[in-house]
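Quick notes on the structure that follows.
The values are calculated or read from the model by the stated rules, or taken from the named source; none is laboratory data. In this text the structure is predicted, and so the values were computed from the model without any measurement. For neighbour counting, all protein chains shown are included, and Cβ atoms are generated from backbone atoms with ideal geometry for every residue, glycine included.
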Amino acid sequence: MTTTRPLHFIRRGRRVTLHNVPPDRTLLDVLREDLHCTGTKEGCGEGDCGACTVVLGERMLREDGTAALEYRAINSCIRLAHSIDGMALWTVEDIAAADGTLHPAQEAMVQCHGSQCGFCTPGFVMSLFAMYQQRVCQGQAITRAVAQEDLSGNLCRCTGYRPILDAAQQMAALPPAPVDEAELLSKLELLAKELPGLSPDLIQNPTYHAPTTLPELLALRAARPQAQVVAGCTDVGLWVTKQHRQFAEVLDVTRAAELRRVVRTPGSLRIGAAVTLQDAYAALAADRPQLHGFAARFAGLPVRNSGTLGGNVANGSPIGDSMPLLIALGAQVVLASVRGERSLPLEDLYTGYRQNVMAPDELLAHIDVPLPAEGEFLRAYKISKRQDDDISAVCLVLNLRLQDGVVQQASIGAGGVAATPARAHQAEAALAGQPWTAASAHAAGEALQAQFQPISDMRASGAYRRTLLASLLQRYWLESQGLQQVSLDTLSIAEAA
Ligand SMILES: Cc1cc2nc3c(=O)[nH]c(=O)nc-3n(C[C@H](O)[C@H](O)[C@H](O)COP(=O)(O)OP(=O)(O)OC[C@H]3O[C@@H](n4cnc5c(N)ncnc54)[C@H](O)[C@@H]3O)c2cc1C
Ligand code: FES
Ligand code: FES
């Protein structure tokens, strides 16, 4: 007997309805094994290579109430199939015209010689397709930098990236082939109206729950504490594909409207826990543009398109990137349950390695981030083996409020140096009220090293991590003095223009 409701989505302009899809089945398995659409490839099975990239289209309402389609390239290998219920889906098999004419994303790859063995090509083509819809069709120019950023989640081991980046820039010169959005939007609207709402039957039965309001979500969290909570599934997906864990019941937080909003108040930014990393970092960088480069180094675009800020915080990995930043920004987390809400400083969420204070009926609902203060000097440093799509060995975010050369307030978040993301209390204390000088920066570096005794692992040795703490503080000091692009490798310092 089925225990999941049917899964519906729009593909090639038609509704697809699938029955008996287990709640923990991945989208890639549904595509390749159930639908026998093997154009989408499986490489790593963990969100790293982009071979499995597909594009989702979601009907969103703009602020003026009109509907728009939002396109997102995502990794189908770690995305749960039920999470695309009610959306449009494109795979590499879906974008050529009915008469076989290649889509500009495909034609440009042919013309620019962007494929050799071809294994990565379906994934690249789908990232290009999303870029085409989001940028080319909106009249935006594809610069080299934009192409690199949008393709940051796709790995090619044989062609080399130059021809693929050429293809990204070539698409705009080819005969246009935009999606008929009006028709698709009306189909998606119809689908949404016909999808069943939450019924008592669904609350009772093990299934994939994706309630659309926060009260419904919290009621289910209380009623079904055994259900695996998921958001973008970029962590949980790996538990399925790599650890072969099985979930008989899943509670998806990403459909709750309240959790998907970014709300600006006079003093802060309230980011819903289910806001994607891409959108959350865009909101943060709107107030603090220096975060753009840091944001672009969080995984690759398809991971940022699925993964959420709340998932990163709730997962609580000691090498996660958002937490050092949010600690340095003085963020508070809001936990919600049917019993009400409570708010606490983000660093107080964690009690140990991947352990936190959340009760079994609670969920992370929002993250409140104070807006920039007068005199704030913020820098976020991520040190990893690769520039793109890599996990931090150390992440250090420093935020000093300076007035007349004196540190009014010091707020420092650190990752990769303890069992949890941590506030650097000792360095903060060493700096508060002190003149901001080379000597106080040096003292703060020593305080950082005194507080943290990082471990050695495959990413870095403990000794290297400790050295980095002091070096990054030195780099921050130099940057605060008007120097930029301080290279720790070469000890060369480029003066600000
Ligand atoms: C290829 C790859 C690269 C990555 N690179 C980085 C990186 O550079 N930096 C980095 O920090 N991380 C990285 N990650 C990890 C991951 O992308 C992030 O941790 C992401 O933010 C998780 O969010 P999610 O929405 O996918 O969470 P999920 O995987 O859905 O959930 C993660 C955990 O949080 C819980 N959870 C989710 N939402 C809530 C909620 N609202 N309330 C309570 N609990 C909740 C879930 O139960 C689960 O325990 C990477 C992952 C991959 C696959
Ligand atoms: S198969 Fe590598 S990202 Fe999905
Ligand atoms: S063409 Fe072979 S991996 Fe990219």
(request) Go through the residues of the range 434-443 one by one and say whether even a single one is surrounded by fewer than 22 Cβ atoms within 10 Å (Cβ to Cβ), of a type in the set (Gly, Ala, Ser), free of Cβ contacts under 8 Å to residues at least 40 places away in the same chain and not in a helix (DSSP H, G or I). (result) no
(request) Could you please let me know if residue 259 is under 17 Å from the mean Cα position of the chain (by Cα), surrounded by 20 or more Cβ atoms within 10 Å (Cβ to Cβ) and away from ligand 2 (no atom under 16 Å from the Cβ)? (result) yes
(request) Would you be able to tell me the number of residues in the range 1-58 that are touching a Phe, Trp or Tyr at 6+ places or on another chain (Cβ under 9 Å), in a strand (DSSP E or B) and within 15 Å of residue 80 (Cβ to Cβ)? (result) 4
(request) Taking only the range 255-303 into account, find how many residues are closer than 21 Å to residue 212 by Cα, part of a loop (DSSP other than H, G, I, E, B) and touching a Ser or Thr at 6+ places or on another chain (Cβ under 7 Å). (result) 5
(request) Please work out which one of (1) surrounded by fewer than 24 Cβ atoms within 10 Å (Cβ to Cβ); (2) away from ligand 2 (no atom under 15 Å from the Cβ); (3) not in a loop (DSSP other than H, G, I, E, B) is the condition residue 131 fails and give its number. (result) (1)
(request) Looking only at the range 54-65, decide whether some residue is within 14 Å of ligand 1 (Cβ to nearest atom) and more than 22 Å from residue 147 (Cβ to Cβ). (result) no
(request) Of all residues in the range 286-312, count the ones that are away from ligand 2 (no atom under 16 Å from the Cβ) and either of a type outside the set (A, V, I, L, M) or surrounded by fewer than 24 Cβ atoms within 10 Å (Cβ to Cβ) (or both). (result) 16
(request) Could you please let me know if residue 407 is assigned to a strand (DSSP E or B) and either modelled with pLDDT of 95 or more or farther than 23 Å from residue 288 by Cα (or both)? (result) yes
(request) Residues being over 16 Å from residue 397 (Cα atoms) and either among the β-branched types (Val, Ile, Thr) or surrounded by fewer than 17 Cβ atoms within 10 Å (Cβ to Cβ) (or both): count how many of those fall in the range 447-476. (result) 10
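Does the range 446-480 hold any residues that are of a type in the set (Gly, Ala, Ser) and touching a residue at least 12 places away in the same chain (Cβ under 8 Å), and which are they?
Matches in the range 446-480: 447, 450, 460, 470, 471, 480.
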(request) Would you please name the residue that is nearest to residue 323 (Cα to Cα), looking only at residues in the range 262-285 that are surrounded by 14 or more Cβ atoms within 10 Å (Cβ to Cβ) and not aliphatic (A, V, I, L, M)? (result) 281
(request) Filter the range 222-271 for residues that are hydrophobic (A, V, I, L, M, F, W, C) and under 13 Å from residue 366 (Cα atoms) and give the result. (result) 253, 256, 257, 259, 262, 263, 269, 271
(request) For the range 47-61, indicate whether the set of residues that are away from ligand 3 (no atom under 16 Å from the Cβ), without any contact (Cβ under 8 Å) to a residue 60 or more places away in the chain and over 21 Å from the mean Cα position of the chain (by Cα) is non-empty. (result) yes
(request) Answer yes or no: is there a residue in the range 18-29 that is closer than 17 Å to residue 191 by Cα, among the hydroxyl-bearing types (Ser, Thr, Tyr) and within 19 Å of the chain's Cα centre (by Cα). (result) no
